[in-house]
Amino acid sequence: MNEIGISIQDKTYRDGHGGAQRSTIADLNFKVEPNEFVCLLGPSGCGKTTLLNMVAGLDRHYQGQIRIGGQAAAAKIGYVFQSPRLLPWRTVRQNIELVFDGPPPAALIDELLAGMQLDAVQHSYPERLSLGMQRRVAIIRAFAVNPDILLMDEPFVSLDAPSARQVRTLLYALWQQRPHTVLFVSHDLREAIALADRLIFLSPPPMRIVSDITVDIPRDGRHDEAQIEAFREYLLKQHPAINGLL
């Protein structure tokens, strides 16, 4: 099973060369259920990206334990970073094919390209694509390996509102077709409500959970802007502590 169990007693970093050690995460405990979509929200610099890197195994310098599938062992991770990180000398399709150790599965790549509306530009180079298209390629690349869990670090940052809405809609459709356990970082509460099953609001360092809230909107209502806005207003009224975390 692809659940995530996070139990971090302490994560510190050194402030500058030879500076004092500062705690960025302390007593952080929560679980993400199999195929659950959880969004992390909190102020800039609170440690959200650090936490994703710890889950991905890129940062092991902490006290505590992160278990995936019930075991503290390596798992197959799909990671969508803040920047698309595409190789400029390879085409869209070639950038996707890079994630496979063996022969790339042509039918799967065709399906994902079509689902993200990129089949017409699959032989183009990244410089020919808009930022929104590049981000869609990065999402395909993460889904293509059928990861145990999917980590997404503000994948729509820097996009204008219409482009972000389009990519979000395509991501949502792809996730419904291919459910994964997702840990998603965002600063946009409306975006988080539209996508997630749960919203976890995090404090400034040392990071702790301020609120853990289930999104009480049926999945078929997630494209209704009025429902999203009504739920956002409800959250800000019922949970005033989160107002300063966005």
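The values are calculated or read from the model by the stated rules, or taken from the named source; none is laboratory data. Note that the coordinates shown come from a computational prediction; the quantities given were computed from them, not determined experimentally. Note: ideal-geometry Cβ built from the backbone for every residue, glycine included; neighbour counts use all protein chains shown.
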Scope region 143-161; condition more than 27 Å from A75 (Cβ to Cβ) and either part of a helix (DSSP H, G or I) or acidic (D, E) (or both); matching residues: D160, A161
V92 aliphatic (A, V, I, L, M), closer than 17 Å to V145 by Cβ, in contact (Cβ under 8 Å) with a residue 12 or more places away in the chain and buried (at least 18 other Cβ atoms within 10 Å of the Cβ): yes
Residues of region 99-142 classified as touching a residue at least 12 places away in the same chain (Cβ under 8 Å) and not in a loop (DSSP other than H, G, I, E, B), total: 20
Qualifying residue in region 200-223 (condition: surrounded by 15 or more Cβ atoms within 10 Å (Cβ to Cβ) and part of a helix (DSSP H, G or I)): no
Unique residue being modelled with pLDDT of 95 or more and within 21 Å of L246 (Cβ to Cβ) when the list is L159, L202, L118, L113: L202
Residue list for region 44-89, restricted to those being at negative phi, more than 13 Å from the chain's Cα centre (by Cα), surrounded by fewer than 16 Cβ atoms within 10 Å (Cβ to Cβ) and in a loop (DSSP other than H, G, I, E, B): S44, L58, D59, R60, H61, A72, A73, A74, K76, L87, P88, W89
Verdict on L112 being within 27 Å of E3 (Cα to Cα), more than 12 Å from the chain's Cα centre (by Cα) and crowded, with 19+ Cβ neighbours inside 10 Å: yes
Top-ranked residue in region 162-187 [being touching a helix residue (DSSP H, G or I) at 6+ places or on another chain (Cβ under 8 Å) and not in a helix (DSSP H, G or I); ranked as farthest from V80 (Cα to Cα)]: R178
Failed criterion for L171 (all others in (1) in contact (Cβ under 8 Å) with a residue 12 or more places away in the chain; (2) farther than 19 Å from I77 by Cα hold): (2)
